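Presented below is the structure to which this report refers.
FYI, it's all coordinate maths here, none of it is from the lab. Worth saying up front: this structure is predicted, and the values here are computed from it rather than measured. Don't worry about glycine lacking a Cβ; one is built from the backbone with ideal geometry, like all the others, and counts go over all protein chains shown.
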Amino acid sequence: MSEAYTGGCACGAIRYEISGEPMVMADCQCRDCQRKSGTGHGSYLTFPSKESVKLTGEAKHWDIAADSGNMKTRAFCPTCGSPVYLTFAAMPDLFTVHAASLDDPGRYKPQMVFYGVRGHAWDRLDPALPKFDTMPPR
C-alpha cells in the first residue's frame, strides 16, 4: 500500500489523511476553477471513496453549479480562507482535494485537462496531456 496523502489548509485548522490512490489527477480550466484559483486553472486529486478520508476541523461550504449544471460543494477554511476539498452531488462517493493543499504537492502528477476549451493562451499547461472539452466520461 502506498503512503497516505496528507494535507490541509494554510493555518492547519483543517487536516485530511487519505489512504489509497487517487482515481485521477487533473487540471480543470472551467470558469469556476479559474475564479477560485485566481489563475487559469485548478489542480485536483480525486479519490474514489469518502470512506478512505480522515478529516479533522470544520470547513465552511459553498455550493455552486458546475459548468455541467451539477452541484458541487467547495470546502474552505473559515480562518485562513484556503480552499481544501470539493464534493459533488451527482457523484457523492468522490472526494477531491486541491493539489496545493497537499503536504507534499510534488506528489501531484496531472494526467489530463478538463474544460480545455475554456483555457487561456497565457495558462500554459503541459501540451502532452489529453484535453477534454468538458468532463470526460466516467
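Summary table below
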quantity: Inter-part distance where the range 85-138 and the range 1-44 are each reduced to a Cα centre, Å; calculated: 9
quantity: Isotropically averaged projected area of the chain, using the convex hull of Cα atoms (one quarter of hull area), nm²; calculated: 8.1
quantity: Computed helical MRE - 222 nm, the chain, DSSP H runs ≥ 4 contributing -39500 (n - 2.57), nearest 500; calculated: -1500 deg cm²/dmol
quantity: Rel. contact order, % - alpha carbon contacts under 8 angstrom, at least six apart, the range 17-81; calculated: 28
quantity: Extreme residue, positive dipole direction of the range 5-118, given options ILE14, CYS80, GLY57 (C-beta unit charges); calculated: CYS80
quantity: Cα→Cβ-extended label distance, 7 Å offset, between ASP93 and HIS120, nm; calculated: 3.7
quantity: In the chain, lysine pairs closer than 26 Å at Cα, eight or more apart or cross-chain; calculated: 15
quantity: Approximate spin-label separation ASP133-SER52, in nm, with each point projected 7 Å along Cα-to-Cβ; calculated: 3.2
quantity: For the range 15-138: relative contact order, % (alpha-carbon pairs under 8 angstrom, 6 or more apart); calculated: 27
quantity: Choice from HIS61, HIS41, HIS98 with maximal GNM fluctuation in the chain (Cα, 10 Å cutoff); calculated: HIS61
quantity: Formal net charge of residues neighbouring ARG118 (Cβ-Cβ distance under 14 Å; K, R +1; D, E -1); calculated: -1
quantity: Separation of the SER68 and LYS109 label points, Cα + 7 Å toward Cβ, nm; calculated: 2.5
